[in-house]
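The block underneath contains the structure these notes are about, expressed in C-alpha cells.
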Amino acid sequence: MGPQIWDPPMEEVNPCLERMSLLVGRWGYKKGNLPEAEYRQILKGEAQAHYERLLRENMEKRLFVPRAAVAWLACRPDGDTLQVVPHGGGEPVPLSFPRQKIRERLSIPDFFAPDGDVAGFFTVTVGNPEASAAMARLQDEGAYQEYFLWTGFAAEYADAVAEWAHRRMLEFLGGKQGARFGPGYPSCPDMTLSRRICDWTEAWRIGVEVTDSDMLSPEMSTSALIAPRPRARVFNTLE
C-alpha cells in the first residue's frame, strides 16, 4: 500500500484535543497558590470561554486545517535496529534505537514480530500560509494575548491530528492498540528520522518540509512511527 493523503474532518479531530493540556500546558492556567475553588472557577470561566471560542472560530474560519500524510511499510526487527523496506522495494533502511539500561530493557524494535511485520508512519500538520499570515497580522496589530492563545491552540491541535491519525492507522491494520513514537523523544531521539518519515509519507504533498536542522516546517506539524501491537507502549530509556 503506497503513501496516502488524508484530510481529517475537523469534527472528528476536535474530540481528540486534550483540553487540560491546552489550558494548563499551553496557556499556563496553573493552580499555583490559588485556592481550589477559585482555580476551578477560572478554568470553568475565563479559560473555558477562550477554549470554546477558538474551537468555534477555527471551525468557522478554517484557520488551522488538519492534513495527514501516511504510509505503511514492511519491516523486520534486528536487535536494536528496525529494518524498514521502502515502498516499491529496494534495500531495507536500518533505523537504530536506544535500549533501556534497566527494568525491561526495551527498545522500539522489540514491539515488532521477528519474522516480519508492518510499521506505520505519519506526518500531520495544521500549518498553512493563510494561518501564518493571520498570526503575523496579530503580532503587527499588537494583539499579543490573542496571538499567544492561537499559537498554543495550534500546537495542541496538531497533537490532536496526530492522535486522530494514530487511531485511524491502527484501524487499517485491524486493531485499536499500539503506540506511536515521535523523533526527539527519549525512546526515539534521532531527529533525522523526521526526514525519513517525511520522505516515506510524501509529506511535501501536504506542504510539510524538513529544515536543515531536521525540524518540520510549517512549525505546527509532527511526525511519528507507529508500532501496531497490543504490547507496544511509550517508555523512557532512562527507566
request  = Return the lysines within reach of Lys44: Cα separation strictly under 20 angstrom, same-chain partners fewer than 8 residues apart disregarded; answer none if there are no such residues.
outcome  = Lys30, Lys31
ask   = Per residue of the chain, what 222 nm ellipticity follows from adding -39500 (n - 2.57) for every DSSP H run with n ≥ 4, rounded to the nearest 500?
value = -10000 deg cm²/dmol
Computed lengthening from Gln177 to Ser96, 0.36 nm per intervening residue step minus Cα-Cα distance = 26.8 nm
task = For Asp212 paired with Gln48, estimate the spin-label separation in nm (one decimal), with each label point 7 Å from Cα along the Cα-to-Cβ line.
result = 5.0 nm
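Tell me, Asp115, Asp190 in order of fewest to most beta-carbon neighbours within 10 Å?
On the way: Asp115 7, Asp190 15.
Ascending number of Cβ neighbours within 10 Å: Asp115, Asp190.
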inquiry  = Taking θ = phi - 60°, what integer Hz values does the Karplus form 6.51 cos²θ - 1.76 cosθ + 1.60 yield along the range 174-182, in sequence order, with x for Gly and Pro?
reply    = x, x, 10, 10, x, 9, 10, 10, x
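At 25 °C and 0.890 mPa s, grab the translational diffusion coefficient of the chain from Stokes-Einstein with a Kirkwood Rh over Cα pairs, rounded to a whole number in µm² per second.
Numbers: Rh = 19.2 Å.
Roughly 128 µm²/s, to the nearest whole number.
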ask   = Residue by residue through the range 60-77, which ³J(HN,Hα) values in whole Hz follow from phi under the Karplus form 6.51 cos²θ - 1.76 cosθ + 1.60 (θ = phi - 60°), with glycine and proline marked x?
value = 5, 8, 6, 7, 9, 9, x, 9, 9, 10, 10, 7, 10, 10, 5, 8, 8, x
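Between Glu104 and Arg231, what is 0.36 nm times their sequence separation minus the Cα-Cα distance? Round to one decimal in nm.
Result for the pair: 44.5 nm of gain on full extension.
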remark   = Rounded to one decimal in nm, the spacing of the 7 Å Cα→Cβ label points at Ser132 and Ser21 is 2.5 nm
ask   = What per residue convex hull volume, in Å³, do the alpha-carbon atoms of the range 93-149 yield?
value = 189 Å³
key: Sum of side-chain charges, Leu138 neighbourhood, beta-carbon under 14 Å (Lys, Arg +1; Asp, Glu -1)   = -3
message = Please report the net charge: other residues with Cβ closer than 12 Å to the Cβ of Gly45, K and R +1, D and E -1.
response = -1
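Here, each number is a calculation from the coordinates, and none is a lab measurement. Being a predicted model, the structure only gives us computed values, none of them experimental. All Cβ positions, glycine included, derive from the backbone under ideal geometry; neighbour counts span all protein chains shown.
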